[in-house]
Amino acid sequence: MRKSLGTVAAACIAATLLFLLRNAMLEQVAAPALTVSLSAQRDGPETIPAGGWLKPWQEAIVASEASGLRITDVLVDVGSVVTKGQTLVRLSQKSVLADMRKQEAAVAAAKANLSKAKLNADRARQFSPAGDLTAEKIAEYLADERAAEASLASEDAALDSEKIKLAQTTITAVDDGLIISRSAELGAVVSAGAELFRLARQQRVEWQAEVQAHYLPRIAEGLSVEINGPDDRPIQGKVRLVAPSVSTDTSRVIVYVALPADLRPRTGLYVTGNIELKTAPALPLPASRSCSGTG
């Protein structure tokens, strides 16, 4: 009896194990193969949107070096394209010319005094102290010659100063560019250093785009930029400079984008665009890998 019960128990255990093994095999066969396809190393460009103002690349101020002179001619206006050295404003020359003629006369008098002093000095050199001239007189003549030479040099320098003042009555452009503002008015009396014009140097325009500071590590000079131009045409540019500081108000940084030299869009407009970012290369991985597992 005990032997029959042991046989039955062993048969039940074997049947149970066989059933579990069969189910496990069925589940493994039914489980789908998981295929993972991994792209090879890729360096596609990534961009970020940005917005900012179109502004002159650099501005130059045209000011008067003279003071107290009246403007007699204004030859350009806002929007005028000028070249370096071109005359923009003329100032009254009457008082300057009068001062220069006065100084020319002073130079002529100094030359006459020097000629007289030289004659006396040459005469003194021809005589010894035991002759007609005493040693004291000889020393006096020689000293007069040196003083006359110094006086002439001083008057010549003063004349050069008057010539400079005369040249300053003609105010010229400091560089090629476009006049963007004008303060010069006909008949106004100028003061030294007063701004008369402001010009955009070489008519170059740049885009000053604002981007979030956390993009700074991925922005560098020379990266490509595409700007949505004022006429809805794309403008291609290059990052010229990244500002060294971040705005404490907006947590943004200015990125200066150089535009092609032949493109001169109107400044003062707010435009948008996209700035290319430096892309960190992906880690190289196998092209594909397949693995199987249970559900």
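The values are calculated or read from the model by the stated rules, or taken from the named source; none is laboratory data. Remember, it's a predicted structure, so these values are computed and weren't measured experimentally. As a convention, Cβ positions derive from the backbone with ideal geometry for all residues, glycine included, and neighbour counts pool all protein chains shown.
Suppose we filter Glu145, Glu155 for residues that are touching a residue at least 24 places away in the same chain (Cβ under 8 Å), farther than 30 Å from Leu199 by Cβ and within 45 Å of the chain's Cα centre (by Cα); which single one remains?
The conditions single out Glu155.
Identify the residue in the range 49-73 that is of a type in the set (Val, Ile, Thr) and surrounded by fewer than 16 Cβ atoms within 10 Å (Cβ to Cβ) and, among all such residues, is nearest to Gln168 (Cα to Cα).
Thr72
If we keep just the residues of the range 107-129 that are among the hydrophobic types (A, V, I, L, M, F, W, C) and at pLDDT below 85, which is nearest to Glu155 (Cα to Cα)?
Ala124
I'm trying to understand the selection: among the residues of the range 130-153, which are outside any helix (DSSP H, G or I), surrounded by 12 or more Cβ atoms within 10 Å (Cβ to Cβ) and either at pLDDT 90 or above or not aliphatic (A, V, I, L, M) (or both)?
Looking only at the range 130-153, we keep the residues that are outside any helix (DSSP H, G or I), and these are 130-134.
Going one step further and asking which of them are surrounded by 12 or more Cβ atoms within 10 Å (Cβ to Cβ), we end up with 133-134.
Within the range 130-153, Thr134 is the sole residue that qualifies.
Could you go through the range 160-169 and let me know if any residue there is farther than 18 Å from Gly51 by Cβ and touching a strand residue (DSSP E or B) at 6+ places or on another chain (Cβ under 6 Å).
Scanning the range 160-169 turns up at least one residue that is farther than 18 Å from Gly51 by Cβ and touching a strand residue (DSSP E or B) at 6+ places or on another chain (Cβ under 6 Å).
Out of everything in the range 224-240 that is in contact with a Lys or Arg (Cβ under 8 Å, 6 or more places away or on another chain) and not β-branched (Val, Ile, Thr), what residue ends up being modelled with the highest pLDDT?
For the range 224-240, the residue satisfying everything is Ser224.
Only one of these conditions is not met by Thr279: (1) in contact with a Lys or Arg (Cβ under 9 Å, 6 or more places away or on another chain); (2) of a type in the set (S, T, N, Q); (3) at pLDDT 90 or above. Which number is it?
(3)
For every residue, the table says whether it meets (1) within 17 Å of Ile48 (Cα to Cα); (2) acidic (Asp, Glu); (3) surrounded by 14 or more Cβ atoms within 10 Å (Cβ to Cβ).
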{"residue": "Leu216", "(1), (2), (3)": "yes, no, yes"}
{"residue": "Gly222", "(1), (2), (3)": "yes, no, no"}
{"residue": "Val225", "(1), (2), (3)": "yes, no, yes"}
{"residue": "Pro230", "(1), (2), (3)": "no, no, no"}
{"residue": "Ile235", "(1), (2), (3)": "yes, no, yes"}
{"residue": "Val242", "(1), (2), (3)": "yes, no, yes"}
{"residue": "Ser247", "(1), (2), (3)": "no, no, no"}
{"residue": "Ile254", "(1), (2), (3)": "yes, no, yes"}
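Restricting the search to the range 173-185, which residues are in contact (Cβ under 8 Å) with a residue 40 or more places away in the chain, of a type outside the set (Lys, Arg) and either in the same structural domain as Asn113 (by TED's automatic domain parsing) or out of contact with any Ser or Thr (no Cβ under 6 Å at 6 or more places or on another chain) (or both)? Please lay out each step first, then the result.
So in the range 173-185, the residues in contact (Cβ under 8 Å) with a residue 40 or more places away in the chain come out as 173-182, 184-185.
Retained after the next criterion (residues that are of a type outside the set (Lys, Arg)): 173-181, 184-185.
Within the range 173-185, Ala173, Val174, Asp175, Gly177, Leu178, Ile180, Ser181, Ala184, Glu185 qualify.
Look through Lys84, Lys55 and report the one residue that is in a loop (DSSP other than H, G, I, E, B), among the basic types (Lys, Arg) and at pLDDT 60 or above.
After applying the criteria, what remains is Lys84.
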